Each structure stands twice: as structure tokens, then as C-alpha cells.
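Bear in mind these aren't lab numbers, they're just calculated from the coordinates by the rules spelled out. Because the structure is a prediction, the values reported are computed rather than measured. Heads up, the Cβs are rebuilt from the backbone with ideal geometry, glycines too, and the neighbour counts pull from every protein chain shown.
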Amino acid sequence: MKILLIGGTSLIGPHVIHELYSSIPSVKIITLTRSGRNYFCETPYSGDRNDESELERILRDEDPDILIDMIAFTKESADLTERIIYKINPKLPVIVISSIDVYAAYAKIHGTESIGYQDCPLKETDKLRTLPGVEGLLYDKLGVEKSYTNRLPNVTVLRLPAIYGWPDTTRVDTYLDQMLDGQSQIVLSKERAEWKFSRCLHKNAAHAIVTVVKSSRKGVDVYNVAEEITYNDLDWCTKISKICGWNGEIVISKDTDENVDFKQNFYVSSEKIRRELGYKEKYSPDEGLFETIRFHAYLRQKREYKKYY
């Protein structure tokens, strides 16, 4: 089996490659990235995914059995890739990495559309946004999904939530830095403390992608990927505090967050991918959170060390 990955050199991609090599015999992996870096023994190409002639050449020369688009951020990029696939091999199975921010609930949170509150957990058939998200057209997963599913007959869209796992520590540093700085209190607004949204460890997101690869499924479909347990921010902050040994106090204030509407929860159901494809977490989310916290603490210590030596 030949698999072409577009992008994916940072958070999730290396784990996708590792999962593919460890679970599929005689797999050949081809990557197209700006750096041309390879993590293991995959065949790397260095280039711009928006270079139409280069992408077409790679697709013709390598003739992959599956294409995984890890970095489809704009409709224009997706349109270009879809157009080349349709010309060369329209039946090529494609896995598109999308985001749960395509749901209307995301528009409600950021006030980009005048809509009512959406019920959670969100399912794949629930209402989607109709306008660009708060990030604008430079991050347009809604447009990406529409581009890929317009003509191609074999497309699987995976909608991912907030991804965490080292080396990225942005999902923990807001609270963790305050704890490591020795602050005695962390203040959360009541709405933020109660706000629930979906998360997923990067290695389990990679496992979900490989689950789709191994399913050899045909047709067009969409799956949410998320952990079964959804934490609100108070629970998440508490989990971080227990792992790092912080003994301070989490204070709930009556202040409101002006820029976002945390009355709109943002968590999804992953029941469909579990039921239809047999997906379940392969790696412990708690261990993944511990590793992320430990890595962030190590980076802080390293920076402090450099100040004095």
C-alpha cells in the first residue's frame, strides 16, 4: 500500500507515520512538506502544496492508494488538490483532516452569526456555520470540506477537536504557567469554569486517521473524533494541578468573558466512528497529559538555566 501525506510534520503527522509503519505490512509512505524532512524511512518531497505542476507530478509518479491531507487550511488549496485528483484518479480514497469549528456552535461562541444556542454533544449531522469563522478565509475548514466532497466519490472527513500533546503545550500552559510561577490562586469566570469542549491526545487523533486507512472504506462520510470524557475548564485546570502538585486555590469569579460566549458548550459525540469503524483510544489521555505537562516544565527549567549559565 502506498500512502501520500500532504503536510503533517509537527503535532499529529509523526504519530500517523509511526502508526502506519507499525500496523500495516509493507506500507510505503510518501510525504510532501515544505521542509522535505522525514521522520522515519518515508519518501519525502520538498515543495509547496499549492504548486499545481509539482503536486500533479508527485501524484502521477507515485500513484498512491490513499491520500491524507493533513494541512488543508483554505478552500483554494483544497480546490487545487481536488482538481488534480479528479483529473488523475477520481476514485482515489482521500482522508481530509478538518475541525469541529465547522459547526454552528463555533459561530455562536464567537458571535460571527446570529443564531440560537446549539445542543451538545454535536453530531455529524448537526447544523454547520454558514459564514467564515473568526479566523477568516485563511483557515476555512468549511470550504475545505465542501471542495473535497463536491465531486470525489471516496472522501472521509475527520473533524478534530482541540488537540494536545507534547511538543505543543498550548492546551495546558495558560493554567500551568501560573502554577509553576507559584501563584496561590487561579481565577476563572463562572462561565469559563463551566464551559465544556472536546479534546483529543495527538497520538489518539493519529490512531483515528490510521483506523480510517485500515477500514478501506468507500464513499463520502464525516466522523467526529474526540475523547469520550469531556471536561469543563474547571475540571481541566484541576487535573493539571494534581499532576504538577500545585496546592493553590481555584477561585470562581462573577466576571464575564466579553469576547466569547461560554454559555455555548462546544463538545461533540464520537459515537459514530466508534460504532462504524471500531475506533477507541489506543493511548492513555491521562498519560499524554502528564507527558505534556512534564515537557512544558522541562522547557521552563531549560530557559531559566540559560539565564544564569
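How many residues does region 157-184 hold that are in contact with a Cys (Cβ under 8 Å, 6 or more places away or on another chain) and closer than 17 Å to Asn204 by Cβ?
5
Quick one: in region 218-230, of everything that is touching a Cys at 6+ places or on another chain (Cβ under 9 Å) and of a type outside the set (Val, Ile, Thr), which residue is farthest from Tyr103 (Cα to Cα)?
Step by step, filter region 218-230, then rank; the result is Glu227.
Within the bounds of region 13-27, is there any residue that is surrounded by fewer than 19 Cβ atoms within 10 Å (Cβ to Cβ), of a type in the set (D, E, K, R) and either more than 30 Å from Lys127 (Cβ to Cβ) or touching a residue at least 60 places away in the same chain (Cβ under 8 Å) (or both)?
The answer is no; no qualifying residue exists.
Name every residue in region 171-202 that is of a type in the set (A, V, I, L, M), surrounded by fewer than 17 Cβ atoms within 10 Å (Cβ to Cβ) and touching a helix residue (DSSP H, G or I) at 6+ places or on another chain (Cβ under 8 Å), in order of residue number.
Correct list: Leu180 only.
In region 32-61, what residues are of a type in the set (Ser, Thr, Tyr), within 20 Å of Thr74 (Cβ to Cβ) and surrounded by 13 or more Cβ atoms within 10 Å (Cβ to Cβ)?
Within region 32-61, just Thr33 meets the criteria.
Here are some residues: Ala72, Ala107, Ala78. Which one is of a type in the set (A, V, I, L, M), part of a loop (DSSP other than H, G, I, E, B) and surrounded by 15 or more Cβ atoms within 10 Å (Cβ to Cβ)?
The unique qualifying residue is Ala72.
Checking Arg159 against (1) in a strand (DSSP E or B); (2) farther than 13 Å from Val96 by Cα, only one condition comes out false. Which one?
(2)
Out of Tyr164, Tyr175, I need the residue that is assigned to a strand (DSSP E or B), under 20 Å from Tyr298 (Cβ atoms) and of a type in the set (Ser, Thr, Tyr). Which one?
Tyr164
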